[in-house]
């Protein structure tokens, strides 16, 4: 953005009234008289709207004591406090300079019957709402020395039920183991002694 445009952008109002040619409006203008400041109201018909941006302006015409008076106001001027819509008129032109030649009732535009009289505004700049800044609180985390993990026995609900039930002693059959003991008897072998030849001869 250029420097000039950035400066002009700062001078723009956030909201401006919706201005249409042919409408009768009441403009509230601030006037300084010495050290005093007051608001003067100028009521008339918008005969033209011209320009854009900071230089956008509109001209209002009224007849005061048979004399035509026209005033041009800057839309973004800080002296223009507000613009009220009084009457919605019909206009088929962008500039109603032909009203300068009219006298009396002919110097007014025809009223649009049934039109709503509402002060509509056009938003140019969105108002920036400052969000509250949250203060960040730094929490000091103490370092805990690493300890050996303690194994906790988790008791399941089923085990708890078992523990709650009374212990019933069941008589289990006693099985006696019978061991056959076999005694090994030593059998003496009888050795036949050889018959001597002398005994044979004696026979």
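All of the numbers you see were taken from the coordinates with simple rules; none came from a lab. Keep in mind the model is a prediction, meaning the values are calculated, not measured. Positions of Cβ are backbone-derived with ideal geometry, glycine not excepted, and every protein chain shown enters the neighbour counts.
The separation of the stretch 66-123 from the stretch 1-64, counted between C-alpha centres, amounts to 12 Å. Its Cα gyration tensor gives the stretch 3-123 an equivalent ellipsoid, and the semi-axes of that ellipsoid, as √(5λ) in whole Å with the largest first, are 26, 18, 14. Taking 0.36 nm per residue of sequence separation and removing the Cα-Cα distance, the residue 124/residue 98 pair yields an extension gain of 6.1 nm.
For the peptides 34-40, 66-72, the ranking by mean Cβ contacts within 10 Å, running from highest to lowest, is 66-72, 34-40. Exposure proxy for 77, 6: other Cβ atoms within 10 Å of each Cβ, ordered fewest to most, give 6, 77.
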